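Notes follow the structure.
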Amino acid sequence: MQRPPTDLPPRGLPTGRTTTLSDVPLRHPPPPPPLPTRANTQPHLANANLTQGLGSAPPYRKFEDLDYEIAPKSSVLLPHLQVNEKKFFDLVHSGDVEDVKKFLEKNTDFNINCVNFQGVSALLVAIQTKNDHMVEFLINQNGIDIGDAVLHAVRDNQPKIVELLLEKLHNTAPSLEFVGVTHSSDFPDYMTPLILAAQEGHFEIIEMLIQRGHGIAKPHSPRCRCADCILHLEKDDLLHAETLRLSLYKAITNPAFICHSTNDPILTAFQLCAELRVCAWLVVEFRDQYQELADAISNFAVELIACCRSTTEMEIILTQTGGLPPNNYQFPRLVLAMDLKQKAFVAHPNTQQLVEAAWIGDWHDYIIQPTIVKLLYPIYRIFVLPFICLLCIFIPSHPLVTHWRIPLNKMISHTAGYFLFLILIFLESNISKENQKEDLPIVG
């Protein structure tokens with residue numbers, strides 16, 4: 001029995017052919033519930049007008065009144081695995097190299113680079129399961145495409161697999177292991193293995209990559225206007241350039257990378273912190289990210305001095321002269337920290353303990369003296385100053401002279417001398433001048 005014709009409205013002038021359901025791709029769900037009475041009245045009015053105007057044309061019906069629906073189509077086309085491909089993925093996931101080998105021997109024309117709907121290949125499945133033997137077997141197959149597998153292995157912190165993949169890339173083309181992947185859905189094109197390892201803080205992989213000759217170019221400051229920076233400003237995308245700079249700073253400010261790339265991590269941390277604060281001030285859009293990196297690298301320097309267990313170790317750190325011109329400071333690194341506003345470093349208990357030890361020297365009893373006694377020391381020192389001066393001039397190597405040279409005694413002697421100066425000024429300004437003879441002014 002044939003299906004009755006539907007009442008679809010004609011497009012343009014009516015024709016002699018009647019439109020049927022077979023003209024449209026349909027699926028047949030259960031009939032929809034009846035519409036309210038008010039909604040049904042308008043189509044009838046439209047049908048009447050249309051029938052009067054077009055003569056024998058079929059009556060008009062609203063689309064929602066039809067007893068069928070148009071089948072929806074997917075807006076995203078995703079790859080689907082075939083039966084053999086699903087079986088291959090299952091064998092790789094199981095980890096049995098012999099079964100995978102037999103499968104490939106039976107299917108000589110099999111595409112070993114097939115991917116599922118998530119874009120994951122069999123090599124990535126082997127990396128995710130941390131199967132070193134499966135990865136080694138797959139990368140030795142003809143036509144294998146490594147793609148971004150190295151970056152996935154670096155992110156998962158698998159040094160052995162990373163080394164296998166890098167050797168494969170090096171044998172294919174020596175320069176491939178040093179660059180990123182152009183077409184990757186998970187990583188940007190500038191992401192190299194060392195940048196990713198540094199961002200993740202994988203100590204062993206960073207060491208291995210540096211030994212293989214990998215490196216990270218230090219980003220230029222936003223203030224830089226060298227020839228390369230001007231060229232990038234004119235040709236490169238602004239968002240790409242700022243994202244690249246931020247990504248590079250995330251890599252080079254990681255403590256694991258700093259420990260491998262410099263002999264003075266504290267100085268490097270101070271310098272990077274200063275650069276990041278400048279970037280946070282200039283690049284307003286990424287200010288929070290730069291400030292977070294600056295705080296993290298500053299805390300790294302503080303954590304390093306927190307590992308010191310003796311005064312000798314702290315003295316070795318604070319007496320480093322790197323970052324400052326030649327000087328006579330007792331603790332040059334502490335001066336640099338104050339210049340760069342590293343407050344947490346200066347205020348750390350280990351730093352303060354060493355500063356206090358240098359301040360009081362061998363005068364340990366001064367700490368336990370009452371406050372009133374400490375206030376009276378400058379007054380007592382006023383009467384001792386002549387003796388101290390004579391002793392320092394004639395016997396400079398005397399133990400008392402060494403004791404008076406400590407910073408605390410210098411401060412007390414300076415205070416006593418200033419008090420003596422004020423007393424003399426006061427006496428001089430209040431002395432009676434009635435008996436003094438004043439000369440007459442010369443007129444001529």
statement: When restricted to Ile216, Ile210, the only residue surrounded by 15 or more Cβ atoms within 10 Å (Cβ to Cβ), more than 30 Å from Phe137 (Cα to Cα) and not polar (S, T, N, Q) is Ile216
message: Can you tell me how many residues within the range 90-110 are in a loop (DSSP other than H, G, I, E, B), within 17 Å of Val125 (Cβ to Cβ) and not charged (D, E, K, R)?
response: 2
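Determine, yes or no, whether Val335 is out of contact with any His (no Cβ under 9 Å at 6 or more places or on another chain), part of a helix (DSSP H, G or I) and under 26 Å from Tyr418 (Cα atoms).
Answer is no for this residue.
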query: Just checking, how many residues over the range 369-401 are in a helix (DSSP H, G or I) and either closer than 20 Å to Val355 by Cβ or aromatic (Phe, Trp, Tyr) (or both)?
result: 6
query: Among the helices (runs of 4 or more DSSP H) contained in the range 187-273, which hold 3 or more residues that are hydrophobic (A, V, I, L, M, F, W, C), more than 18 Å from Arg155 (Cα to Cα) and at pLDDT below 95?
result: 227-235, 238-252
- request: Determine the pairs where a residue that is on the phi > 0 side of the Ramachandran plot and surrounded by 15 or more Cβ atoms within 10 Å (Cβ to Cβ), located within the range 99-119, has a partner that is in a loop (DSSP other than H, G, I, E, B) and of a type in the set (A, V, I, L, M, F, W, C) with Cβ atoms under 7 Å apart, the partner being 6 or more residues away or on another chain.
  value: none
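Per-residue answers, yes or no, for (1) surrounded by 13 or more Cβ atoms within 10 Å (Cβ to Cβ); (2) among the aliphatic types (A, V, I, L, M); (3) touching a residue at least 60 places away in the same chain (Cβ under 8 Å):
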position	(1), (2), (3)
Val355	yes, yes, no
Tyr380	no, no, no
Phe421	no, no, no
Leu424	no, yes, no
Ile431	no, yes, no
task: Could you list all residues from the range 104-163 that are basic (Lys, Arg) and under 20 Å from Asp186 (Cβ atoms)?
output: Lys130, Arg155
field: Set Phe117, Phe137: member being outside any helix (DSSP H, G or I), over 20 Å from Ile195 (Cβ atoms), modelled with pLDDT under 95 and among the hydrophobic types (A, V, I, L, M, F, W, C)
entry: Phe117
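Could we say that Gln342 is polar (S, T, N, Q) and surrounded by fewer than 17 Cβ atoms within 10 Å (Cβ to Cβ) here? Give the steps one after another, and end with the answer.
Details: polar (S, T, N, Q): yes; surrounded by fewer than 17 Cβ atoms within 10 Å (Cβ to Cβ): no.
Answer is no for this residue.
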message: Suppose we filter Ala357, Ala301, Ala347 for residues that are among the hydrophobic types (A, V, I, L, M, F, W, C) and under 26 Å from Leu248 (Cβ atoms); which single one remains?
response: Ala301
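The values are calculated or read from the model by the stated rules, or taken from the named source; none is laboratory data. This is a predicted model, so every value here is computed, not measured. In this analysis, Cβ positions are derived from the backbone assuming ideal geometry, glycine residues included, and neighbour counts consider all displayed protein chains.
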